[in-house]
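Let me begin by presenting the structure, written as structure tokens, before commenting on it.
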């Protein structure tokens, strides 16, 4: 197994510099120590020691990005009270010329930097420290020195409470000490310290057992964890069937780090041998809906952690890491998450149909797709992936690569089944796994096209699919594709009037349009937009959201109604032509033939009742 080493972008300028860098990499392991004495105020005290340093100043810095995230997050903002000492305990001056790091000079070959970290957001990106747990995403937690990325790392945790256990993909060395082979692996290793509940089970890998571990920190019962683990076990087994192989987890175990508490944030974040799943509701309140997040994130242990875009390897913690292939890395994962949950019998057909209907509606009936291909939308990830902006245009010009890729994956799967007997999207994923996953050979977009040509034995089809659907923005007609499985795509309510996906909210100024008007909708054509205050609809005064709902729900397709609004200080009167609601739904065909039902079962698995409580 090949281990990723070093940071992207650290280019060796010449042979002399390369020799110096090689000398820096050899040396004592980096040592971290983390304690949580002031957890009540969300603080951790952290120290990092580098020995055998090259002469001259050493720069330590916080990451600006995090594996699994595509935007910049500026983790240095939560670091303060920084101090440095040399190997003899002498205080060393710190120089700071930018917001991201600190420079230490005058050392004796050893530097220990200590600092305080504030953390109060438990999700897949940040860290949270309190008296219930320490939930640590490493780029948000650990400072590191540039130029020493390939050194081995040892981490010592000092749990706040005796009953705190430690769950992580780092290699355990005993006495709360853990090991990482290098900076890349360390930063990819989220860690949970708490009194969590643990469930484990083996998965077979050609006679070699690998272990799946579920570490659940919640306020519920052991029985709830047992039930969740039962669903997880089925989904894990179903996903292994897709690839016919279990990834070689570096230290033998794959760990789910699950936090279900009112003070955490909902999220899911994949890592090489682990994943974070979190929700601010407990298992009972969340009705086990997070099993779908687990399904998505575990599929990533093949698709993106090992079947990996070249642009993400090695990961550069100093900037955003974009790739044009998120339509596959995230989108196909978004397709396989619910698909394998359905095949495993954890999701019912009706639940799967509801989710698929929502995905099709989003991609086909919102304007973003007209502004770019799946590759273009993938490259916009740094602007949308938990990023903030005070001047967003995203609502109209962006289509999520998650959902875009999901409906592309479904279309390609159905096209393969239709055109090439015995060939499915599972075969395509297995080909990607064989060539790029097992070998850990990063792929370029052209490699994805080549693998499709190999699986179909039809280069013309592969070229056409990529040219029209991946580099372009064309999608096939879903109706005949889904009809193969005895499913009907139809307009849900063709008699319902529609102005567009319009949100309104009440405020001190009255009822305001609360979302951007979408191009191609009646409200957009009428020249109304976000922030306009609605005075009347069809002559009826509008004083509340209920007034708006009553006035607009009465309109039928083809009606022309007048909307009076205040738009940036001026009255605006707009004549709006009501359209038919384009909302789609995918439903069972009551006249499906035996052949259609057999096709459906081969694709989605048997129609069985879902696990009680496992909702979309």
Residue that is surrounded by the fewest Cβ atoms within 10 Å (Cβ to Cβ) [pool: residues in the stretch 521-531 that are free of Cβ contacts under 8 Å to residues at least 40 places away in the same chain and part of a loop (DSSP other than H, G, I, E, B)]
530
Among (1) at positive phi; (2) at pLDDT below 95, which single condition is residue 605 missing?
(2)
Only listed residue being in contact with a strand residue (DSSP E or B) (Cβ under 9 Å, 6 or more places away or on another chain), surrounded by fewer than 18 Cβ atoms within 10 Å (Cβ to Cβ) and within 26 Å of residue 158 (Cα to Cα), chosen from 86, 52:
86
Within the stretch 497-508, which residues are touching a residue at least 40 places away in the same chain (Cβ under 8 Å) and surrounded by fewer than 17 Cβ atoms within 10 Å (Cβ to Cβ)?
505
Among the numbered criteria (1) in a loop (DSSP other than H, G, I, E, B); (2) without any contact (Cβ under 8 Å) to a residue 12 or more places away in the chain; (3) under 27 Å from residue 370 (Cα atoms), which one does residue 480 miss?
(1)
Are any residues in the stretch 528-544 within 41 Å of the chain's Cα centre (by Cα) and more than 19 Å from residue 515 (Cβ to Cβ), and if so, which ones?
543
Which of the following residues is assigned by TED's automatic domain parsing to the domain that holds residue 170 and at pLDDT below 95: 44, 76, 26, 84?
26
Within the stretch 205-215, is even one residue under 30 Å from residue 282 (Cβ atoms), in contact with a helix residue (DSSP H, G or I) (Cβ under 8 Å, 6 or more places away or on another chain) and either buried (at least 20 other Cβ atoms within 10 Å of the Cβ) or without any contact (Cβ under 8 Å) to a residue 12 or more places away in the chain (or both)?
yes
Which helices (runs of 4 or more DSSP H) sit wholly inside the stretch 303-400 and have at least 3 residues that are over 30 Å from residue 150 (Cβ atoms)?
331-343, 349-365, 374-379, 394-397
Go through the stretch 537-562 and count every residue that is in contact with a helix residue (DSSP H, G or I) (Cβ under 9 Å, 6 or more places away or on another chain) and in a strand (DSSP E or B).
4
Enumerate the pairs (first residue in the stretch 453-472 and in contact (Cβ under 8 Å) with a residue 24 or more places away in the chain; second residue anywhere and outside any helix (DSSP H, G or I) and surrounded by 13 or more Cβ atoms within 10 Å (Cβ to Cβ)) with beta-carbon separation below 7 Å, excluding pairs fewer than 6 apart on the same chain, so at least 6 apart or on different chains.
455/423; 456/420; 456/423; 469/475; 470/373; 471/373; 472/373
Could you say whether any residue in the stretch 563-580 is out of contact with any strand residue (DSSP E or B) (no Cβ under 6 Å at 6 or more places or on another chain), within 30 Å of residue 485 (Cβ to Cβ), part of a loop (DSSP other than H, G, I, E, B) and without any contact (Cβ under 8 Å) to a residue 60 or more places away in the chain?
no
Apart from one, (1) farther than 20 Å from residue 470 by Cβ; (2) modelled with pLDDT of 95 or more; (3) in contact with a helix residue (DSSP H, G or I) (Cβ under 9 Å, 6 or more places away or on another chain) all hold for residue 404; the odd one out is (1)
Mind checking whether some residue in the stretch 596-609 is surrounded by 14 or more Cβ atoms within 10 Å (Cβ to Cβ), touching a helix residue (DSSP H, G or I) at 6+ places or on another chain (Cβ under 7 Å) and part of a loop (DSSP other than H, G, I, E, B)?
yes
Just wondering, is there one or more residues in the stretch 227-237 that are under 22 Å from the mean Cα position of the chain (by Cα), part of a loop (DSSP other than H, G, I, E, B) and not assigned by TED's automatic domain parsing to the domain that holds residue 436?
no
Quick check on this structure: which one of 173, 222 is out of contact with any strand residue (DSSP E or B) (no Cβ under 6 Å at 6 or more places or on another chain) and surrounded by fewer than 23 Cβ atoms within 10 Å (Cβ to Cβ)?
222
Does residue 256 meet the test of being surrounded by fewer than 21 Cβ atoms within 10 Å (Cβ to Cβ), in contact (Cβ under 8 Å) with a residue 12 or more places away in the chain, in contact with a strand residue (DSSP E or B) (Cβ under 6 Å, 6 or more places away or on another chain) and closer than 30 Å to residue 432 by Cβ?
no
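Which of the residues that make up the stretch 432-446 are part of a helix (DSSP H, G or I) and buried (at least 17 other Cβ atoms within 10 Å of the Cβ)? Spell out the reasoning first.
Initially, the stretch 432-446 is screened for residues part of a helix (DSSP H, G or I), giving 432-437, 445-446.
Result: 432, 433, 436, 437, 445.
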Residues in the stretch 513-520: is at least one outside the structural domain of residue 350 (by TED's automatic domain parsing), assigned to a loop (DSSP other than H, G, I, E, B) and within 30 Å of residue 349 (Cβ to Cβ)?
no
Within the stretch 145-166, can you find the residues that are in a strand (DSSP E or B) and farther than 19 Å from residue 46 by Cβ?
165
Cβ-Cβ under 7 Å, sequence separation 6+ or interchain: first residue in the stretch 351-364 and closer than 14 Å to residue 492 by Cα, partner at pLDDT below 95 and outside any helix (DSSP H, G or I). Which pairs?
354/616
State whether one or more residues within the stretch 105-116 are in the same structural domain as residue 185 (by TED's automatic domain parsing), out of contact with any helix residue (DSSP H, G or I) (no Cβ under 7 Å at 6 or more places or on another chain) and under 26 Å from residue 68 (Cα atoms).
yes
What tally of residues in the stretch 289-308 results from selecting those that are at pLDDT 95 or above and over 15 Å from the mean Cα position of the chain (by Cα)?
2
Exactly one of 265, 325, 274 is under 28 Å from residue 166 (Cβ atoms), surrounded by 23 or more Cβ atoms within 10 Å (Cβ to Cβ) and in contact (Cβ under 8 Å) with a residue 60 or more places away in the chain, and that residue is 274
So for the stretch 10-19 (the condition being at pLDDT 95 or above and either touching a helix residue (DSSP H, G or I) at 6+ places or on another chain (Cβ under 8 Å) or not in a loop (DSSP other than H, G, I, E, B) (or both)), does at least one residue qualify?
no
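The values are calculated or read from the model by the stated rules, or taken from the named source; none is laboratory data. Everything numeric here is computed off the predicted structure, so don't read it as measured data. No Cβ is skipped: glycine too gets one built from the backbone with ideal geometry, and neighbour counts run over all protein chains shown.
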